[in-house]
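Student: Here it is, the structure, as structure tokens.
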Amino acid sequence: MPPETRRDRIGPGIFLLLVCVYLVTFGGHFYSGDGIEVARTAESIVLRGDLALVRSEGEREWGYPGRGGRRFAPYALGQSLAEAPLIAVAAAAAAPLPLDAHLKTRLLHAAAVSSNVFISAAAGWVLLLFARRLGYGRRVAASLALMYGLGTMAWVYAHHDFADPLTALTLLGSACLLRRYGDAGARNDIVLAGILLGLSLFTKYQMVIYAPVIWLYLVFLRKDRGERGLTSLIRDTALLATPVVLFGLGDLAVNYWKFGSLMATGYEQEASPWAGLPHVAVGLYGFLLSPGKSLFLYNPLLVAWPFAVPSFRRSHRSECRMVLAAVAVTLAFFSPLYWWHGDWSWGPRYLLPLIPLMVLTLAPLARAAVDAPRLRRALAALAVAAIVVNLLGLTVNFFFYIRALTGMEFVHDDWNFIPGLSPVAFHAHVIHSDLHEALFGEPIDFVYRAWRDGKFVDAVIPMGEYSRQGKVPDYFFFRPYDTALEQWSLGLTGTFLVAMTVIVALRVRRSLSGRDEAHVR
């Protein structure tokens, strides 16, 4: 790394700032069956040196039947391995404490979910480094990191328990390392890029779709460097592919360990998600324009993305090709699936790995906004809208709304495609209803109007009967608890984290106040 970049300490500051913000708004519990099964696998690794899921008393059975009559999660191991050290530390710290069993369990669950706090913050840091590699100054690079970390649904997923933040980090990191190879020509960076790409495959099987994209980026960078020999291309391809293949073999070995077959993941015990090519239009509309899952609804800053692409292409042709290829591959892979939406979840979950790359594309607009007040105001307005949408996703737990709609015999296409049932609208209603109840003693029912059999009919979710957990602000450190010990200890910790966030934000602001010099490659 060049000397001027080694002296650049803004990256750790942005990482620490995002960690503090994410901890202040931390959820601290499970949100999905995916998260529960991944964490139970991590617990088995830490506490028993095994991968089997252990059923707690009175709990449903998780996972699928596998070898020896035991049950296993159908997921790759990457996220479980990320959670395992945090669970181990939490278990060791909680063991000598005079706490009830349910409090120790709460700490273990919070430790598992907290992995995404650090993973998501690390993605912001890597995005900053990538922008610096492309020649942008500290302020522009830091702005991009904060756009991603606080202005996209990455903030909400730092709060949740899914594995998608880790795939976003590893894909971005792989591309950033290849950019470093493009700058310096060190082929160990190609190997490191392959390791991160392999780790993404070891986290979610479908990440294999990005292997050709990353390889094409390597080809583009080689061309930029004037390297055109077939022999060296084969060598560099082998350097990139070998770690990916090894991680893929690791996936197969884990499958055999769990289910007795190299190709069995557990998913084959479910119905196929393939809906066929005619479903592509449904998936594309859902991803781009639907009121329930639109990429631009849940990430308003990306409304500027199509306008940024031409400028980005002129300045960074290879990176633009890579980003566009990643977008095309993702939409082509997920749109034909019945399960394109990734529910139950907040927003278009399967698009999360794309978002840091798309935010990187905003770099020319962010730089131009310094000297263009109208553009700066437009980006600021989109940023405010993005923060508002994120706060809706952070404050209200999506799970209880979808459960209520399912109980009313609605299905995924209803809340994803019908404007009146949009989760964004309902989450805003929950906050409004809670404030009304606090001030006037009565909640406001959620009313959805539908055109059925030639007339409008009303469907109502009575907020007085709505789950209390679904109405309580979903913040681990700032929510009501049953015992004074929990209330005071967590509340004081949360207050300390708020103070830390302010201190770190001021330090980051000071570090960005000097001359903003672009990174010279």
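The values are calculated or read from the model by the stated rules, or taken from the named source; none is laboratory data. Note that the structure is a prediction, hence the values are computed from the model and not measured. All Cβ positions, even for glycine, are placed from backbone atoms using ideal geometry, and neighbour counts span all protein chains on display. Protein only, heavy atoms only, side chains kept; ligands, DNA and RNA dropped before computing areas. Shrake-Rupley method; radii C 1.70, N 1.55, O 1.52, S 1.80 Å.
Student: Could you give me the ³J(HN,Hα) list for segment 149-160, computed from phi with Karplus coefficients 6.51, -1.76, 1.60 and θ = phi - 60°, whole Hz, x at Gly and Pro?
Tutor: x, 10, x, 10, 6, 4, 4, 5, 6, 5, 8, 9
Student: Taking the Cα centre of segment 45-126 as the origin, how large is its charge dipole in debye, to the nearest 20, when only Lys and Arg (+1) and Asp and Glu (-1) carry charge on their Cβ atoms?
Tutor: 180
Student: At 0.36 nm per residue, and after removing the present C-alpha to C-alpha distance, how many nm does the segment from residue 469 to residue 456 gain when stretched out fully?
Tutor: Extending this stretch completely gives an extra 1.5 nm.
Student: Let me ask something additional. Mind checking the full-extension length gain between residue 93 and residue 410? Use 0.36 nm per residue of separation minus the Cα-Cα distance, one decimal, nm.
Tutor: Gain on stretching residue 93 to residue 410: 109.7 nm.
Student: Mind ordering 369-375, 184-190 by average Cβ neighbours within 10 Å, highest first?
Tutor: 184-190, 369-375
Student: Separate question: With charges set only on the Cβ (+1 for Lys and Arg, -1 for Asp and Glu), what does the dipole of the chain come to about its Cα centre, in debye to the nearest 20?
Tutor: Working: 48 positive and 39 negative charges, 500 e Å.
Its charge dipole is roughly 2400 debye.
Student: How high is the relative contact order of segment 107-249, given as a whole-number percent (alpha carbon pairs under 8 Å, six or more residues apart)? Write out the running numbers ahead of the final one.
Tutor: Working: 157 pairs, mean separation 33.2, N = 143.
Dividing the mean separation by the residue count of segment 107-249 yields 23 percent.
Student: Tell me which residues come under 5 Å, amide H to amide H, from residue 137 once H is placed; ignore anything under 5 positions away on its chain.
Tutor: Those qualifying (amide H under 5 Å, at least 5 residues apart or on another chain) are 519.
Student: May I pose another question? Show me the ranking of peptides 348-357, 263-272 by mean Cβ neighbours inside 10 Å, starting with the highest.
Tutor: 348-357, 263-272
Student: What is the set of long-range amide H partners of residue 71 at a cut-off below 5 Å, with H atoms built 1.01 Å from backbone N?
Tutor: Answer set, sorted by chain and number: 53, 66.
Student: Only Cα pairs under 8 Å and at least 6 apart count here; give the relative contact order of the chain as a rounded whole percent. If you can, show how the numbers build up before the last one.
Tutor: Numbers: 783 pairs, mean separation 101.0, N = 521.
Dividing the mean separation by the residue count of the chain yields 19 percent.
Student: Please give the length that would be gained between residue 492 and residue 436 if that part of the chain were fully extended, namely 0.36 nm times their separation in residues minus their C-alpha to C-alpha distance (nm, one decimal).
Tutor: Working: separation 56, 0.36 × 56 = 20.16 nm, distance 2.76 nm.
Stretched fully, the residue 492-residue 436 segment lengthens by 17.4 nm.
Student: With every protein chain present, what is the per residue accessible area of segment 254-333 (1.4 Å probe, Å²)?
Tutor: Details: 3880 Å² over 80 residues.
For segment 254-333, the solvent-accessible area averages 49 Å² per residue.
Student: Which of the lysines could a cross-linker bridge to residue 455, judged by Cα under 30 Å and excluding same-chain residues fewer than eight apart?
Tutor: 293
Student: What percentage of the solvent-accessible surface of segment 340-438, computed with a 1.4 Å probe over protein heavy atoms, is contributed by carbon and sulfur atoms?
Tutor: 66
Student: May I pose another question? So for each of 75-82, 317-324, 401-408 I average, over its residues, the number of other beta carbons within 10 Å; can you give me the resulting order with the highest mean first? Show your work: numbers first, answer last.
Tutor: Values: 75-82: 23.4, 317-324: 20.0, 401-408: 16.2.
Ranking, from highest mean packing down: 75-82, 317-324, 401-408.
Student: Something else about it: Whose amide H sits under 5 Å from the amide H of residue 337, counting only residues 5 or more places off or on another chain, with H placed in the peptide plane?
Tutor: Placed amide hydrogens put 275 under 5 Å from residue 337.
Student: Pairs of Cα atoms under 8 Å, at least six residues apart: use those to get the relative contact order of segment 1-132, whole percent.
Tutor: 32
Student: In segment 326-480, with Lys and Arg counted as +1 and Asp and Glu as -1 at Cβ, which of these residues, 469, 362, 330, has the Cα nearest the positive end of the dipole, that is, farthest along it?
Tutor: Working it through, the farthest residue towards the positive pole turns out to be 362.
Student: Moving on. Under the Karplus relation 6.51 cos²θ - 1.76 cosθ + 1.60, θ = phi - 60°, what is the ordered set of whole-Hz ³J(HN,Hα) values for segment 409-416, x standing for Gly and Pro?
Tutor: Here the 3J(HN,Hα) series is 6, 7, 10, 3, 5, 5, 6, 8 Hz.
Student: Now a separate question. If a/c stays under 1.5 just call it rounded; otherwise compare a/b with b/c (prolate if a/b is bigger, oblate if not). Do that for segment 31-129, with a ≥ b ≥ c from the square roots of the Cα gyration tensor eigenvalues.
Tutor: Here segment 31-129 falls in the oblate category.
Student: Could you go through segment 423-429 in sequence order and give the Karplus-derived ³J(HN,Hα) for each residue, using 6.51 cos²θ - 1.76 cosθ + 1.60 with θ = phi - 60°, rounded to whole Hz, and x for Gly and Pro?
Tutor: x, 4, 5, 5, 4, 5, 5
Student: Which of the lysines could a cross-linker span from residue 258 if the Cα-Cα distance has to be under 20 Å and same-chain partners fewer than 8 positions apart are dropped?
Tutor: Reachable lysines: 204.
Student: Let me know the charge dipole size of segment 138-292 about its Cα centre in debye, to the nearest 20, where only the beta-carbon of Lys, Arg (+1) and Asp, Glu (-1) is charged.
Tutor: Charge dipole of segment 138-292: 640 debye, to the nearest 20.
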